[in-house]
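One structure is given below, encoded as structure tokens.
The values are calculated or read from the model by the stated rules, or taken from the named source; none is laboratory data. Everything numeric in this text was worked out from a predicted model, so none of it was measured. Note that each Cβ is placed from the backbone with ideal geometry, even for glycine, and that neighbours are counted across all protein chains shown.
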Amino acid sequence: MPVRTSIPPAARIRTFTYAIRNIVVEAKKVEASGRKVRYLNIGDPIPFGFKTPPHLIEAVARAMRDGHNGYTASAGVEPAREAVAAEYVSRGVPMTADRVILTSGTSEGIELALGALADAGDEVLVPTPTYPLYTAVLAKIGARAVFYRTDPASGWLPDLDDIKRLVGPATRAIVLIDPNNPTGAVYPESLRRSLIDLANRTGVPILADEVYSDLGFDGPTPLLGSLDPDAPILSFSSLSKAYLAPGWRAGWLTVGRTDRLNDVLGAIKKLADGRLCSPGPMQYGIHAALTGDRSHQRTFVRELRARADLTVSCLSRVPGIEVVAPSAAFYAMPRVRLPHGRTDEDYILALLRETGILCVYGSGFGLPADQGYFRVVFLASLDELRVIYDDLEAFTGRYLAS
Ligand SMILES: Cc1ncc(COP(=O)(O)O)c(C=O)c1O
């Protein structure tokens with residue numbers, strides 16, 4: 001056998017991409033050249049000065065001091081699973097702790113659910129634009145992401161006819177991100193009910209990514225399972241966003257009570273055994289979060305709404321840019337009318353190199369590169385955002401004129 005000079009990674013890694021972090025490589029080069037980079041690429045409130053509620057920190061520290069530093073059961077410690085179940089019950093979703101798995105963030109819930117549902121060659125319906133972890137995990141499994149449209153003309157709502165057309169014998173799940181990253185959209189009840197009908201009729205479960213459900217500008221959005229407790233729904237969430245602790249990797253996955261999902265629940269538990277457990281002390285933070293004071297959420301949501309309003313008013317006054325107003329979370333997905341032959345990545349890289357502003361191009365979320373969409377994370381302070389949007393306006397004027 002010839003001696004290899006370089007050891008090749010698995011070929012399937014070529015299809016695994018995660019633009020939100022990949023683009024940071026470019027940002028580091030810009031930083032190395034001496035220019036300050038303004039990071040509007042990652043949805044992490046902590047670097048922007050938002051603080052994890054102290055009672056959560058105390059609960060985790062206490063758990064460590066009390067010796068809870070060993071492995072936990074694979075599904076997580078009982079009090080935290082009970083707290084998740086009680087949270088779902090209080091929001092109208094009948095749930096028991098034995099159908100709750102504590103996970104390393106929403107991310108691991110996504111990975112466990114897709115791993116339990118889809119074989120190589122199977123299909124999973126994913127929105128465009130999408131949160132890119134879904135396509136990345138499907139690429140790893142060898143399953144196929146089949147994209148359904150969400151429409152900016154209707155406030156980025158999913159195109160129900162498109163979804164119905166795409167569901168077929170190979171479909172193993174429908175991903176629903178509501179409230180949505182990257183668009184900030186919140187879906188109306190009528191649409192949610194139609195999707196539940198489809199899931200009930202076809203037996204294709206819905207993977208409900210509800211990590212932003214506490215961050216609706218008009219109040220928390222109802223959990224999908226509250227519309228029909230017997231529908232085949234798996235729900236994911238975490239402490240990352242609404243409880244301001246993304247680095248803790250503290251999340252959960254719930255499996256709806258219908259017997260139709262029992263085998264999937266069994267498969268998820270099997271997979272969960274293989275990774276031992278999610279971070280133990282942080283599980284005590286979940287218990288504290290869901291049973292304690294949440295007043296920080298009122299302040300956080302108020303701050304987010306003010307930033308959303310500023311984002312929409314500043315960006316929509318830029319000639320060549322249009323933006324749909326978000327209704328939740330900290331993302332907006334504006335569109336720049338690109339000159340013929342240029343891509344969203346060209347625009348975003350030029351913006352980065354010339355101004356130090358780092359956004360993520362729409363094609364990183366599965367949108368066509370020539371359409372000119374990009375995602376803005378608006379967690380920076382209002383003053384910082386004003387300066388950033390002024391710079392973006394001046395740059396865009398030059399870019400579109402060149
Ligand atoms: C829609 C969506 N799902 C999942 C995640 C991952 O969250 P977590 O930190 O809980 O893994 C994010 C993070 O940005 C997200 O936007």
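Pairing residues of region 306-331 that are in a loop (DSSP other than H, G, I, E, B) and modelled with pLDDT of 95 or more with residues that are surrounded by fewer than 20 Cβ atoms within 10 Å (Cβ to Cβ) and acidic (Asp, Glu), at Cβ distances under 6 Å and at least 6 apart in sequence or on separate chains, gives 318/393. Look at region 108-133: where a residue is at positive phi and a partner is surrounded by fewer than 20 Cβ atoms within 10 Å (Cβ to Cβ) and part of a loop (DSSP other than H, G, I, E, B), sitting 6+ places away or on another chain with Cβ atoms under 9 Å, you get 121/142; 121/170. Residues that are assigned to a loop (DSSP other than H, G, I, E, B) and closer than 18 Å to residue 386 by Cα were ranked within region 34-44; the one that is farthest from the ligand (Cβ to nearest atom) is 36. Residue count for region 235-250, restricted to those that are small (Gly, Ala, Ser) and in contact with a Leu (Cβ under 7 Å, 6 or more places away or on another chain): 4. Quick check on residue 285: is it in contact (Cβ under 8 Å) with a residue 12 or more places away in the chain, surrounded by 22 or more Cβ atoms within 10 Å (Cβ to Cβ) and within 21 Å of residue 71 (Cβ to Cβ)? The answer is yes for residue 285.
Looking across region 185-226, the residues that are part of a loop (DSSP other than H, G, I, E, B), over 16 Å from the mean Cα position of the chain (by Cα) and surrounded by 16 or more Cβ atoms within 10 Å (Cβ to Cβ) come down to 204, 205, 217, 220, 222. Annotation note: Cβ proximity below 9 Å between a residue of region 178-198 that is closer than 17 Å to residue 134 by Cα and a residue that is polar (S, T, N, Q) and surrounded by fewer than 17 Cβ atoms within 10 Å (Cβ to Cβ) (sequence gap 6+ or interchain) occurs for no pair. Candidates 119, 162: the one that is in a loop (DSSP other than H, G, I, E, B) and either among the hydroxyl-bearing types (Ser, Thr, Tyr) or more than 16 Å from the ligand (Cβ to nearest atom) (or both) is 119. Is it the case that some residue within region 374-387 is surrounded by 24 or more Cβ atoms within 10 Å (Cβ to Cβ) and touching a Ser or Thr at 6+ places or on another chain (Cβ under 6 Å)? Among the residues of region 374-387, at least one is surrounded by 24 or more Cβ atoms within 10 Å (Cβ to Cβ) and touching a Ser or Thr at 6+ places or on another chain (Cβ under 6 Å), which makes the answer yes. With respect to the conditions (1) more than 27 Å from residue 136 (Cα to Cα); (2) in contact with a strand residue (DSSP E or B) (Cβ under 7 Å, 6 or more places away or on another chain); (3) buried (at least 22 other Cβ atoms within 10 Å of the Cβ), residue 367 lacks only one, and its number is (1). Kindly establish whether residue 263 is free of Cβ contacts under 8 Å to residues at least 12 places away in the same chain and part of a helix (DSSP H, G or I). Here the answer is yes, as residue 263 does meet what is asked.
For region 14-34, a tally of residues being touching a residue at least 12 places away in the same chain (Cβ under 8 Å) and either touching a helix residue (DSSP H, G or I) at 6+ places or on another chain (Cβ under 8 Å) or of a type in the set (Val, Ile, Thr) (or both) returns 12.
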